[in-house]
Amino acid sequence: MSDIQMVSKEALSVLKDKIKLIKKDDGAVYLVGPIRLPVNLYGETVIFQWYCWLNSNNENEDFQQIIDNLSSANLAEYQQSSVLVYGDFENDEEALIRMHSICHTGDIFGSKRCDCGFQLKQSMQMIVDHGSGALFYLANHEGRGIGLFSKAMAYILQENGYDTVEANESLGFVDDSRNYDDAIHVLKALRTKPVTLLTNNPKKLAALIDAGMPISGRTPLWGDVSEYNEAYLQTKIKRSGHLEIEDEGTCPND
Ligand SMILES: [Zn+2]
């Protein structure tokens, strides 16, 4: 590979219409998409429209510069968030959205310590069944915002009698440091009509309402309770203000 590559004129002309600059108070979000993404969902192939976004401290309308900087930005060392959109998300009267916090162990490995992996697939299926919606996959939310390495240490503390909240606080973190501002900026760029939020977490509902997003309702997302995550899920309900909807109800990183 040579040093700094300039994006070709041809490539730029293809890409520039697929990049959207979303201005915010402290910089910008660059949203790229839609990209057709066929997904295997419980054995069925479902077509989603996928968008990815990049957060930036400054606002630059010169997309050539933005693209030219990518090769030296070392983005693989960081995580970028993205969103899967289904149906006519912009125009349908009713749409379901899920703000899913990344969970490396649950989403990728299928860990049973939480039910994030189940919730991820289940919310995608609920969006498809509903006919319209979006799943936001929030890459800076690992371990409720403490990061994967710290989450590993929190798990060790949990194996030694700490609950989820105590473990995070013992490591010097606040219990929940997740922020939804960028995702809400992206949501507002994709849709201005009200949305129904898929969550058991009233903080997510509050974050959207605070940001001025019109909300038409909330749909809970329970399931996949097992002996491995029962104590964890009960902590979410008792210590973190999650709503207990059903008897078997319990929630993960949600
Ligand atoms: Zn999880």
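The values are calculated or read from the model by the stated rules, or taken from the named source; none is laboratory data. Bear in mind the structure is a predicted one, so any value in this text is a computation, not a measurement. Counting neighbours? That spans all protein chains shown, and the Cβs are built from the backbone with ideal geometry, glycine included. Surface accessibility is based on the protein's heavy atoms, side chains included, excluding ligands, DNA and RNA. Shrake-Rupley method; radii C 1.70, N 1.55, O 1.52, S 1.80 Å.
For region 172-218, how many residues are in a helix (DSSP H, G or I) and either open to solvent by less than 20 Å² (accessible area, probe 1.4 Å) or not aliphatic (A, V, I, L, M) (or both)?
Pass one, region 172-218, residues in a helix (DSSP H, G or I): 181-190, 202-210.
Keeping just the survivors that are either open to solvent by less than 20 Å² (accessible area, probe 1.4 Å) or not aliphatic (A, V, I, L, M) (or both) gives 181-188, 202-204, 208, 210.
Final tally of qualifying residues: 13.
Would you check which residues across region 48-69 are farther than 21 Å from Leu187 by Cβ and aliphatic (A, V, I, L, M) and list them?
Ile66, Ile67
Check off (1) within 15 Å of the ligand (Cβ to nearest atom); (2) surrounded by 21 or more Cβ atoms within 10 Å (Cβ to Cβ); (3) not in a helix (DSSP H, G or I); (4) not charged (D, E, K, R) for Leu135 and give me the number that stays unchecked.
Every listed condition holds for Leu135 apart from (1).
Check every one of the strands (runs of 3 or more DSSP E) wholly within region 42-130 and list those with 2 or more residues that are within 16 Å of the ligand (Cβ to nearest atom).
Once the strands (runs of 3 or more DSSP E) in region 42-130 are filtered for at least 2 residues that are within 16 Å of the ligand (Cβ to nearest atom), what remains is 96-101.
Name every residue in region 1-57 that is closer than 14 Å to Val83 by Cβ and β-branched (Val, Ile, Thr), in order of residue number.
Listed by number, the residues that qualify are Ile22, Val29, Val32, Ile35, Val39.
Counting only residues that are hydrophobic (A, V, I, L, M, F, W, C) and crowded, with 18+ Cβ neighbours inside 10 Å, how many does region 138-149 have?
Within region 138-149, residues that are hydrophobic (A, V, I, L, M, F, W, C) and crowded, with 18+ Cβ neighbours inside 10 Å number 2.
Just to be sure I understand, how many residues within region 211-232 are at pLDDT below 75 and within 18 Å of the chain's Cα centre (by Cα)?
1
Which of (1) open to solvent by 70 Å² or more (accessible area, probe 1.4 Å); (2) at pLDDT 90 or above does Leu84 not meet, given it meets every other one?
(1)
Mind checking which residues of region 107-120 are modelled with pLDDT under 95, under 14 Å from the mean Cα position of the chain (by Cα) and of a type outside the set (A, V, I, L, M, F, W, C)?
Hits for region 107-120 are Gly117, Gln119.
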